[in-house]
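Working notes for the structure below.
The values are calculated or read from the model by the stated rules, or taken from the named source; none is laboratory data. Bear in mind that the values here come from a model prediction, so they are computed numbers and not experimental data. A quick note on method: Cβ atoms are made from the backbone with ideal geometry, for glycine too, and the neighbour counts reach across all protein chains shown. Accessible surface is based on the protein model in full, side chains and every heavy atom, while ligands, DNA and RNA are left aside. Shrake-Rupley method; radii C 1.70, N 1.55, O 1.52, S 1.80 Å.
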Amino acid sequence: SSWDKFFLFVGSLEKRKNLTGLIRAFERTSLANEGYSLKIVGMDGNGAGEIRELSRKVIGVELLGFVDEKTLVELYANCRAFVYPSFWEGFGMPLLEAMAHSCVCVSTETGASPEVGGDAVLYVDPCSIDSIAAGILTVERMSLSVRKIMKDHALKRSKLFTFEQYYTKLKETIFNRNMC
């Protein structure tokens, strides 16, 4: 079915999110030849010009900009995988959101992503286009049963993180800083 013939990225169009690496990796997979696309949701950030320029040159890449909540929920529900090869994440809110929507997730082995994703996420090296491409292809070739296991596991793991816990940790961090 064609309903899941796309990969999804949600986040601002910024250098640190490694979108140029993601776009190049998607191109390297040649999945556009099989009708796949890479849908990128997010507003412009630092480095958006370069990302826009590259996306125009690569077949199958769609920059959707800002989308409403209903559209976003549909994108999460229907994507083959959420791919997030960010160079650096403070916490990894986009990854957690995708997990909470039962997405199969491919993310970066650096920063906070492994802390958030645990063993529910497929990890790639953000500095290697080959590694990101291999992660995308691994997910594309997954059996339905393995996909279901990964989706269920992502949803279950996302429930370990509540906004209450997040705000408690945030408060601790703020108040425990050495005020001078």
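Here the Karplus curve 6.51 cos²θ - 1.76 cosθ + 1.60, taken at θ = phi - 60°, turns the phi angles of the range 133-148 into couplings of 4, 5, x, 4, 5, 4, 5, 4, 8, 4, 6, 4, 5, 5, 4, 4 Hz, with x standing for Gly and Pro.
In whole Å, what three semi-axes, largest first, describe the equivalent ellipsoid of the range 58-121 built from its Cα gyration tensor (square root of 5 times each eigenvalue)? Don't jump to the answer; show the numbers that get you there.
Details: eigenvalues 84, 39, 26 Å².
After scaling each eigenvalue by five and taking roots: 20, 14, 11 Å.
Shape analysis of the chain based on the Cα gyration tensor places the equivalent ellipsoid semi-axes at 27, 20, 15 Å, largest first. Each of LEU155, GLY21, LEU122 was placed along the dipole of the chain (beta-carbon charges, centred on the mean Cα), and the one lying farthest toward the positive end is LEU155.
If Lys and Arg each add +1 and Asp and Glu each add -1, what is the summed charge of the other residues whose beta carbon sits under 14 Å from the beta carbon of LEU144? Please report the intermediate quantities before stating the final value.
On the way: positive: ARG80, ARG141, ARG147, LYS148, LYS151; negative: ASP4, GLU140, ASP152.
Net charge around LEU144: +2.
Mean residue ellipticity, 222 nm, helices only, the chain: the sum of -39500 (n - 2.57) across DSSP H runs of n ≥ 4, divided by residue count and rounded to 500, is -14000 deg cm²/dmol.
For the range 28-132, relative contact order (Cα pairs under 8 Å, six or more residues apart, normalised by length) works out to 20 percent.
The 1.4 Å probe gives accessible areas that order ARG147, ARG16, ARG28, ARG141, largest first, as ARG141, ARG28, ARG16, ARG147. Restricting attention to the chain, the count of lysine pairs at 8 or more positions apart or across chains with alpha carbons under 15 Å apart stands at 5. Based on alpha-carbon atoms, the Kirkwood radius and the radius of gyration of the range 22-103 give Rg/Rh equal to 0.94.
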